[in-house]
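Each remark here refers to the structure printed beneath this line.
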Amino acid sequence: MKPSQQPLPTVEPLIERYQRLIEISQQLNSTLDLNSLLRKIIWAAKELTYTEATSILLVDASTGHLRFEIASNIKPQDMEDIIVPKGTGIAGWVAEHGEPRVIDDVTTEPTWSKRVDDTIEFTTRSILAVPLRTHKKVIGVLEAINKIGGGKWDENDINILTTLASQAAIAIENARLFQQSDFIAEMVHELRTPLAALKASTVLLLRPDLPDSKRSDIIHTMHGETERLSRLTTDFLDLARLESGRARLDMSHFDVTKLLEESVDVVIPQANDKRVTIHIDGDPFIANADRGKVKQVLLNLLTNAIKYNRENGGIFITVQQVTGVEDQPYVQISVRDTGYGISKEHQKHMFEKFYRVADTAGFTQGTGLGLVIAQHIVQAHSGQITLESEQGVGSTFAFTIPITSSQD
Ligand code: ADP
């Protein structure tokens, strides 16, 4: 339908729009679930500005890039592929300057990029974008696209959307803090299990009637539980740093094959114990990434590929060039195993904190945080981590990181 054919909305008197804004703000502040909160915000923005589509982009704390969190006209699977690099496009400008921006005709705006329209098959004509700002910090951008009826946005639209955005930003921060406190509760719960085992062990060790033969068993258990505690605390710290954006990337140029060989060397003893063989195949590339963090991702995927493999199984690492964000060259590193595989149902939850498949969790040690940490690291490089798996056949975890282009 052409814009001119759309029915013109009856513009409510201004006072009623502000009343509605107050009502909506109250609702936002009582929502602590981030997903439902974001949904409420975009529908409220649509209603209050009479627009065809609305979306929220949030700043990724570790890279400064913007990512679509939700949009009334974009499917979640399409959104994952769209990243707006720091300072670019309309949203990048709004996030950087912390001020609203009105574009009445995007075709006359040089900083506007058609890329998102092409990806989602949508036609953007005009944009009103406002910052999501909390305590002087911009956490994202709220965008309204195409005024219904084809008219222009006026001062009232800008004021109303700016007010909604400032309320929304506070609600988003609250929901995030709530998620964080949820994480702390879960973390304490996870720490309790090894602590309880250690406590019970010391009580036993203190008993004078304990036979010497039992003593070494108990010490063995204590050793295992101490290791578990140490792994948990390291993972918690890593994740907390990555989630809060405090983890900075230490970028450098390095040889991908060398890093793969070095990582395989670390896990070889574990692989030998299970008679699992590891193969590397692929062209040489020079990565432009945080070497230590990429090694952490590799070690996690390799350890999993051994832990969840069968005796005498294989691990196949392949490297190939792909196109990443803004047509930049990326390399995809895939780790395929010949293990148990993961059912479709479990695959959906694989990148959730503390998620472990019950069948495998019983006989292997783990925290259920490794993949979440890996995903954070990869996304901080504007890369992607994916999983393909077939039960009984094996799994392939693949991730992408930037490489240098030939002119670098
Ligand atoms: P951890 O291995 O410490 O439990 P991860 O986050 O690395 O934590 O993995 C989460 C869960 O995903 C594991 O507990 C396991 O159930 C499953 N998983 C991970 N990698 C594989 C794999 N290669 N094959 C089968 N299952 C896997």
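The values are calculated or read from the model by the stated rules, or taken from the named source; none is laboratory data. All of these numbers come straight from a predicted model, not from anything done at the bench. Glycine gets a Cβ as well: all are built from the backbone with ideal geometry, and neighbour counts include every protein chain shown. With ligands, DNA and RNA removed, areas are computed over all heavy atoms of the protein, side chains included. Shrake-Rupley method; radii C 1.70, N 1.55, O 1.52, S 1.80 Å.
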Rounded percent of accessible protein surface that carbon and sulfur make up, the range 3-177, 1.4 Å probe: 52
P(r) of the chain over all Cα-Cα pairs, binned every 20 Å from zero, in whole percent: 23, 47, 25, 5, 0
List, in order, the whole-Hz ³J(HN,Hα) value for each residue of the range 19-34 obtained from phi through the Karplus relation with A = 6.51, B = -1.76, C = 1.60 and θ = phi - 60°; use x for Gly and Pro. 4, 5, 4, 5, 4, 5, 4, 5, 5, 4, 5, 9, 9, 9, 7, 4
Between GLN19 and SER181, what is the label-to-label distance in nm when each label sits 7 Å out along the Cα-to-Cβ direction? 3.4
Determine the shape class of the range 52-147: with a ≥ b ≥ c the square roots of the Cα gyration tensor eigenvalues, call it rounded for a/c under 1.5, and otherwise prolate if a/b is greater than b/c, oblate otherwise. oblate
Could you check the simple spin-label distance between SER252 and ARG207, using points 7 Å along Cα→Cβ, in nm with one decimal? 5.3
Hey, for a label at ASP105 modelled as a point 7 Å past Cα toward Cβ, could you say which residues of the range 146-164 have their backbone N under 11 Å away? none
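Please give the charge dipole size of the range 250-408, origin at the Cα centre, charges +1 on K and R Cβ atoms and -1 on D and E Cβ atoms. Round to the nearest 20 debye. Working shown, then result.
Details: 13 positive and 19 negative charges, 113 e Å.
Computed about the Cα centre, the dipole is about 540 debye.
Let me have the 222 nm mean residue ellipticity of the chain computed from DSSP H runs of 4+ only, each contributing -39500 (n - 2.57), with the sum over all residues rounded to the nearest 500. If you can, show how the numbers build up before the last one.
Working: 12 runs with 189 residues, N = 408.
The helix contribution divided over the chain gives -15500 deg cm²/dmol.
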Gaussian network model of the chain, Cα within-10 Å springs - most flexible of VAL59, VAL357, VAL256: VAL357
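Averaging sequence separations of C-alpha pairs under 8 Å and six or more residues apart, then dividing by the length of the range 3-177, give the relative contact order as a whole percent.
Numbers: 303 pairs, mean separation 48.4, N = 175.
Reported as a whole number, the value is 28 percent.
Provide the packing ranking of 398-405, 227-234, 104-111, i.e. peptides ordered by the mean count of other C-beta atoms within 10 Å per residue, highest first.
Highest mean packing first, the order is 398-405, 227-234, 104-111.
At a 1.4 Å probe, what is the % contribution of carbon and sulfur to the accessible area of the range 250-408? It would help to have the intermediate numbers written out before the result.
Values: 3590 of 7600 Å².
Whole-percent figure for carbon plus sulfur exposure: 47.
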What Kirkwood hydrodynamic radius, in Å, does the range 1-125 give when the mean of 1/r is taken over all pairs of distinct Cα atoms and then inverted? 16.3
Sequence-distant lysines (8 or more away, or on other chains) whose Cα lies within less than 30 Å of LYS137: LYS40, LYS46, LYS75, LYS86, LYS114, LYS147, LYS152, LYS293, LYS353
Full-stretch length increase - ALA358, HIS189 - with 0.36 nm per residue and alpha-carbon distance subtracted: 59.1 nm
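Ignoring ligands, DNA and RNA, what accessible area per residue does the chain give at 1.4 Å, in Å²? Each step should come with its number before you reach the end.
Details: 21330 Å² over 408 residues.
Normalised by residue count, the accessible surface of the chain is 52 Å².
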For the range 250-408 (alpha-carbon point model, no solvent) the Debye-based log₁₀ I(q)/I(0) at q = 0.19 Å⁻¹ works out to -1.22
For the range 167-175, 3J(HN,Hα) per residue [Karplus equation, 6.51 cos²θ - 1.76 cosθ + 1.60, θ = phi - 60°, Hz, x = Gly/Pro]: 5, 5, 4, 5, 5, 5, 4, 4, 5
